[in-house]
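One structure is given here, and the rest of the page talks about it.
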Amino acid sequence: MMKSSMIKGVALGALLAAGAVVAPASAQDTIYFSNNAYRTGPFSGSGIPIGDGMRDYISMINERDGGVNGVKIVYEECETGYDTKKSIECYEQVKSKTIVYSPWSTGATLAAIPRAHVDKLPILSMAYGLSASADGTSFPWVFIPPLTYWDGASVMVKHMAAELGGMDKLKGKKLGLIHLDAPFGKEPIPVLESLAKKYGFELKLYPVAAADMQNQGSLWLSIRRDRPDFLYNQGWGAMNPTAVKEAIKNNFPINKLVGVWWAGGDDDARAGGAEAKGYRSLNFNAAGQDFPVIQDILKHVVEKGKSTTPKEKVGENLYNRGVYNSMLVVEAIRTAQKLTGKKVITPEDMRRGLENLNIDEARLREIGMAGFASPVKVSCTDHSGHHKAYVAEWDGAKWTRKGDWIEPMKEEVRPLIEAAAKDYVEKAGNWPKRTESCEKSS
Amino acid sequence: MPISEWRTDDHRIQEPECKGEERMSDVAAQPAPSLLANGWIRTGLITAAVIAAIAIGARIDPSGTIHKVFVDPFQQMVEAPDLLAQTVWEGLVSGVLYALIALGFVLIFKASGVFNFAQGIMVVFAALTLVGLHEKGVPAFLAVILTLGVMFVLAATIERVVLRPLVNQPDIILFMATFGITYFLIGFGESVFGGNPKQMITSELYLPKGAIDAKILGGLVSFQKIDIAAAVIASLMIAALAVFFQYTRIGRALRAVADSHKAALSVGISLNQIWVIVWFTAGIVALITGIMWGARSDVSFALEIVALKALPVLILGGFTSIPGAIVGGLIIGIGEKLGEFYWGPLIGGGIESWLAYFIALGFLLFRPQGLFGDKIIERI
């Protein structure tokens, strides 16, 4: 009897021990990635397609490849409603679990930057956030590929010059900046002011309060009075379709209204109806379904009912932007795995992965993204890469590429970024000095 | 019914409109009148000061602040009257739409003493229901009728589930309950319709598109047909409400409830029915507002923020007056557009969002109860 109890006890103990051994092994086979999303609130029109693209790409990697090098990614969203307070709550909730923080708002990025440098959690603010954070020496934990808002503003100036017939033709012209009256909207102002001074054009600012995103009547009266030659729209959410509608209503030449890449949603342009044909937006990813990566998402995720995205929405511009963002995350994980030799990486490893990101044309082809985006390379000192963008044009039904890729004015932007980073560090007081070493390849 | 009307220690006296003559029930509590206490004298003095400043400004340095504030904008108005006309027209249209939103608040406040914070989301909810039903294949006008049905069900549900159990509670509790309704409708709406913006079914409802460009005042003044339609529909709506309140049996009952809940009860008027009717009427106003705002921009949850523009309108026009909502809406609409266009650039623009409150607070200096609001005097 006693012997039988002992056997049972040993068996139970063995079972528990096995469980204890198995459970952590199971947890170690996954990588947790939390993404801030806003599927609710006034900015959901922009937030939903991006969130869908991000989620579906990760699902496709898990379904098609069984994860990244066999490690599945556990993807979760933290709903913020584009509210910085909620974004910080999300940061605090996930900082001990996620390998990278994905703020999806410039305000949230600004709030997270000081925290992330203490918590040693990398931030990936893809083409948004603090432009100065492209300086990897001052901001070792923040990454802003493929380009910053300051690069975008310089691309806009180059596009305006090209339309006018050369950089020398900028003199005496007027560029209007319609911008959300929030950190995101104000980001390009310093570089536009600097370029206006250098090239002799006038910069007019048209701020839009969040409460007046759908009530832009008087702003457009001011535009009518000032008669700018071009308008650059640093808008987001409900502000964009209203701007397109108001431009049409006020007979502003629609092909001279150019949005930042976030103002290039399909719904933004569609709101203007047939007259929105010709509306332009900067872009760094392609729209459409004619890419192997998008076809794989359709095959492995959407058609299998593993996504809530309607099939016809797959391939829209902002959806593909979300796909691109998740691709950067996955490629950074791969790079970190290669650098460390580990399968399950830590946030510190992820930082190294992001810092050594190098996606060339060959790699883009391998991952089914040839022609989808331009190559991206991040380095120890340059956390953006200041890569090319192009001007997309709405043809009445979809976004198409107009013209070649345009290099940002790196020679103008980079010194401003380094000066702004220095200024940030000085004002922050006890800003931690970079102790993270650079890889040889970086 | 507001609790203050039910309490045995009722100490509030709500006075009717008194056509220029102030009625005070407690003369002893009134402070000694001073010349400046008269609103019209104060207005006259301030106007004189402004004119004097303009006159002085005209003689001083054109690049100086006084010149920029007091002279430049008026010069611009004279030099480009077409832009002035366009600005006033834009303000007029916005004002009519603000008035429509404010009307929804006033209707409910008059009949139940509840400040309905949910009016903004009711606008979004009604517009989303209409567009959502149409997306499901329901013909446009049938969708309008079905949306009205949904707004009726919403009104009845709110009366049964929220208002009736809270009868006899302080007004602030009812106010907070409308916050609850707001957040419920946001969540429910997002679950049912999703967060994506939707386009208003403008052509299906035979609402006009395009603009009438008039070459007047030495320039071009553009009148959007949808804006003209909004102004006409809003005016018809207001006229219909006036007739409804004035000449129908239910309208008279609503006015009776507005004047005195106790008296209305004593003659057999059912408060519960009245509340359903009034919330349903506010729902109809919300649907029309949603269609008009949706046609101008998009139908999205951001419209709820625009609806908050009704607050300065209410401060200005008074919480209990339908003419107040209309006049207040027009003053705020035109005032903020003129302010943003002529004075906004002086301080970097983007002043529209707070200028409306500034204008309303300016008016409060002279008429604390709003332009047409009931004067409430409390004995202390």
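Read-outs throughout are calculated quantities, based only on the coordinates presented, and are distinct from any laboratory measurement. Bear in mind the structure is a predicted one, so any value in this text is a computation, not a measurement. Quick reminder, even Gly has a Cβ in these numbers, built from the backbone with ideal geometry, and neighbours come from all protein chains shown.
At a glance:
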{"read-out": "In range of the label at A:Lys198: residues from the range A:369-406 whose backbone nitrogen is under 16 Å from the point 7 Å along Cα→Cβ", "value": "A:386-387"}
{"read-out": "B:Val69-A:Gln289 pseudo-label distance in nm [points 7 Å out on the Cα-to-Cβ vector]", "value": "6.1 nm"}
{"read-out": "Unmatched cysteines, chain A - criterion: no other Cβ of a Cys under 4.7 angstrom", "value": "none"}
{"read-out": "Environment charge at A:Leu175 (Cβ cut-off 9 Å; Lys +1, Arg +1, Asp -1, Glu -1)", "value": "+1"}
{"read-out": "Average beta carbon contacts from partner chains per residue of B:196-204, 10 Å cutoff", "value": "4"}
{"read-out": "Global geometry of the range B:240-287, whether rounded, prolate or oblate, following the gyration tensor of its Cα atoms and the 1.5 cut on a/c", "value": "oblate"}
{"read-out": "For A:Lys402, distant residues with modelled amide H under 5 Å away", "value": "A:Val391, A:Ala392, A:Glu393"}
{"read-out": "Residue-averaged beta-carbon neighbours from other chains (10 angstrom radius) around B:333-345", "value": "3"}
{"read-out": "DSSP beta bridges in chain A [antiparallel fraction, %, rounded to 5]", "value": "30 percent"}
{"read-out": "Relative counts (whole %) of C-alpha pair distances in the range B:94-332, using bins that are 10 Å wide", "value": "8, 32, 36, 18, 5, 1, 0"}
{"read-out": "Cut-off 13 Å between beta-carbons: net charge of the residues surrounding B:Ile274, Lys and Arg +1, Asp and Glu -1", "value": "+3"}
{"read-out": "Electrostatic dipole magnitude of the protein assembly as shown [Cβ: Lys, Arg +1; Asp, Glu -1; Cα centre; debye, to 20]", "value": "720 debye"}
{"read-out": "Under 5 Å, built H, 5+ apart or other chain: amide partners of A:Glu77", "value": "A:Asn35"}
{"read-out": "Efficiency of FRET between A:Arg363 and A:Glu439 - r from beta-carbon atoms, R0 22 angstrom, step 0.05", "value": "0.80"}
{"read-out": "The range B:300-305 - phi-based ³J(HN,Hα) in whole Hz, Karplus 6.51/-1.76/1.60, Gly and Pro as x", "value": "8, 5, 5, 4, 4, 5"}
{"read-out": "Summed side-chain charge close to B:Ala143 - residues other than B:Ala143 whose Cβ falls under 13 Å, Lys, Arg +1, Asp, Glu -1", "value": "0"}
{"read-out": "Alpha-carbon Rg/Rh ratio, for the range A:302-384, with Rh computed the Kirkwood way", "value": "1.03"}
{"read-out": "Bridge type composition, the protein assembly as shown - antiparallel percent by DSSP, nearest 5", "value": "45 percent"}
{"read-out": "Hz values of 3J(HN,Hα) by residue in the range A:82-96 - Karplus curve (6.51, -1.76, 1.60), Gly and Pro given as x", "value": "6, 10, 4, 4, 5, 4, 5, 4, 4, 4, 5, 5, 9, 4, 8"}
{"read-out": "Amide H within-cut-off set for A:Gly259, under 5 Å, with H built and near neighbours excluded", "value": "A:Asn233, A:Arg280, A:Ser281, A:Leu282"}
{"read-out": "The range A:187-238 - Kirkwood radius from inverse mean 1/r over Cα pairs (Å)", "value": "12.4 Å"}
{"read-out": "Karplus-derived 3J(HN,Hα), 6.51/-1.76/1.60, for each residue of the range B:175-185, Hz, glycine and proline x", "value": "4, 5, 4, 5, 4, x, 4, 4, 5, 5, 5"}
{"read-out": "Residues listed by number, the range A:204-243, amide nitrogen under 15 Å from A:Asn255 label point at 7 Å toward C-beta", "value": "A:230-231"}
{"read-out": "Convex hull of Cα atoms in the protein assembly as shown, direction-averaged projection (nm²)", "value": "46.9 nm²"}
{"read-out": "Length released on extending from A:Lys343 to A:Met167, taking residue separation times 0.36 nm less the Cα-Cα span", "value": "58.4 nm"}
{"read-out": "Dimensionless Rg ratio for chain A, taking C-alpha atoms and the 2.2 N^0.38 Å reference", "value": "1.05"}
{"read-out": "Pairs from A:Lys198/B:Lys68; B:Lys110/B:Lys262; A:Lys169/A:Lys198; A:Lys398/B:Lys198; A:Lys86/A:Lys377; A:Lys204/B:Lys215 whose Cα-Cα separation, in the structure shown, is over 20 Å", "value": "A:Lys198/B:Lys68; A:Lys86/A:Lys377; A:Lys204/B:Lys215"}
{"read-out": "Average partner coverage of B:290-300, which counts Cβ from other chains inside 10 Å", "value": "5"}
{"read-out": "Rel. contact order, % - alpha carbon contacts under 8 angstrom, at least six apart, chain A", "value": "19 percent"}
{"read-out": "Packing-based order for A:292-304, A:100-112, using average beta carbon neighbours within 10 Å, highest first", "value": "A:100-112, A:292-304"}
